[in-house]
């Protein structure tokens, strides 16, 4: 996952989660939509954070794209499209990456709101 597609994925997964919830409402009292949306959010936050921090156990995620992608952080920052510095990111780049990950719950919330709006319309 990259900073380019994560917002789209979070919105989409929230919409799908609540669509599934609507389908299974009659069979369970569990808040399936909330559970699935929170699970999706957690997985994406975990994946994005560990890739950005270049955790070795996530090498399997970016190595298929080598040599276009040289690390998990490079995948998160450049997505194989851009050529921003991804080795020495201390300072502004790290701050922007942290801010991006911190607003991931907002994207999930917007997906839930989009589903609710679509249901009413």
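Coordinate-derived values only; no laboratory data. Source: prediction; values computed, not measured. Reconstructed Cβ throughout: ideal geometry from the backbone, glycine too, with neighbour counts over all protein chains shown.
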Discussion item. Residues to consider are 19, 37; find the one that is touching a residue at least 60 places away in the same chain (Cβ under 8 Å) and either under 15 Å from the mean Cα position of the chain (by Cα) or under 21 Å from residue 90 (Cα atoms) (or both).
Written reply: 37
Practice prompt. Tell me, please, whether a residue that is assigned to a helix (DSSP H, G or I) and in contact (Cβ under 8 Å) with a residue 24 or more places away in the chain can be found in segment 87-100.
Written response: yes
Worksheet item: When you look at residue 70, is it in contact (Cβ under 8 Å) with a residue 12 or more places away in the chain, under 22 Å from residue 8 (Cα atoms), touching a helix residue (DSSP H, G or I) at 6+ places or on another chain (Cβ under 9 Å) and surrounded by 13 or more Cβ atoms within 10 Å (Cβ to Cβ), yes or no?
Response: no
Worksheet item: Taking residue 82, is it closer than 24 Å to residue 11 by Cβ, touching a helix residue (DSSP H, G or I) at 6+ places or on another chain (Cβ under 8 Å) and surrounded by fewer than 17 Cβ atoms within 10 Å (Cβ to Cβ)?
Response: no
Worksheet item: Can you name the residue in segment 1-16 that is in a helix (DSSP H, G or I) and closer than 14 Å to residue 97 by Cα and is also farthest from the chain's Cα centre (by Cα) among such residues?
Response: 7
Worksheet item: Listed residues 32, 24, 43; which is crowded, with 16+ Cβ neighbours inside 10 Å and closer than 30 Å to residue 116 by Cα?
Response: 32
Item to complete: Name every residue in segment 46-62 that is over 11 Å from the mean Cα position of the chain (by Cα) and either touching a residue at least 12 places away in the same chain (Cβ under 8 Å) or surrounded by 13 or more Cβ atoms within 10 Å (Cβ to Cβ) (or both), in order of residue number.
Response: 50, 51, 52, 53, 54, 55, 58, 59, 61, 62
